[in-house]
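Beneath this line is the structure, given in structure tokens, with notes to follow.
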Amino acid sequence: MGDHYQTLGIRRDATKAEVKAAFRRSALRDHPDRHAGSTDAAARADAARRFRQASDAYHVLSDDRRRAEYGLRLRGSTSSYARTSSSGWASSSASYGYGYGYGHGGGSWRRTPPGTAGAGASVGSIDWEFLLKAVTRRGFLINLGFASVLLSGAAFLDGSILENWKMNNSGVG
């Protein structure tokens, strides 16, 4: 796989603008369309491989969350997520089509089998890292907010209907 920073030829403290500029240089140099007319199949394949690597590197380094996660992985942090995307790093937004469509489809967060999630994990233990990532996803939070609004509205209407019934039926008896 290689180091994404080395792939783009940038320092680890490079800004987003520097990452973008380095990717553009690499993409212009190695884009498969630029090498389509080449008679050497090995050179075309090598350029396509370098472009995919640069695309993967840009995909990771251009997003703050993915870049921070990548930095943790580089420092040797263990995680309970399996490597699933073509770049070797699972990504929560792999299906959004970043990286010009090269190797980013189908990636998803997948948990490793119970008991193998990390040091000291037992079969019945709660994987707090997975739980935290799951409940802080944008989709989960939007659904939680929508459900809260619906339940609040239902409770309000239930109270209003009950009060209205009591008011209209107070003299019946």
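What whole-number volume per residue, in cubic angstrom, does the convex hull of the C-alpha atoms of the range 1-78 give? Don't skip to the end; give the middle numbers.
Numbers: hull volume 6.3 nm³, N = 78.
Per-residue hull volume (Cα only) is 81 Å³.
Extension gain for Ala17 to Phe146 (0.36 nm times residue separation, less C-alpha to C-alpha distance): 42.8 nm. Across the protein chains, with a 1.4 Å probe defining accessible surface, the residues Asp46, Asp30, Asp158 rank Asp158, Asp46, Asp30 from largest area downward. Taking all protein chains as they are arranged and a probe of 1.4 Å, the heavy atoms of Asp40 leave approximately 80 Å² accessible to solvent. Note on Arg138 and Arg29: the extension gain reaches 35.6 nm, defined as 0.36 nm multiplied by sequence separation minus the Cα-Cα distance.
Using only the heavy atoms of the protein chains and a 1.4 Å probe, how would Phe156, Phe51, Phe140 rank by accessible area, largest first? If you can, show how the numbers build up before the last one.
On the way: Phe156 145, Phe51 0, Phe140 90 Å².
Heavy-atom accessible area, descending, gives Phe156, Phe140, Phe51.
Considering only Ser62, Pro32, Ala43, whose Cα is most displaced toward the positive end of the charge dipole of the range 1-78, charges sitting on Cβ of Lys, Arg (+1) and Asp, Glu (-1)? Value: Ser62.
The values are calculated or read from the model by the stated rules, or taken from the named source; none is laboratory data. This structure is a prediction, so every number in the text was calculated from the model and none was measured. Cβ coordinates were reconstructed from backbone atoms using ideal geometry, including for glycine residues, and neighbour counts include every protein chain displayed. What goes into the accessible areas is simple: the full protein's heavy atoms, side chains included, and nothing from ligands, DNA or RNA. Shrake-Rupley method; radii C 1.70, N 1.55, O 1.52, S 1.80 Å.
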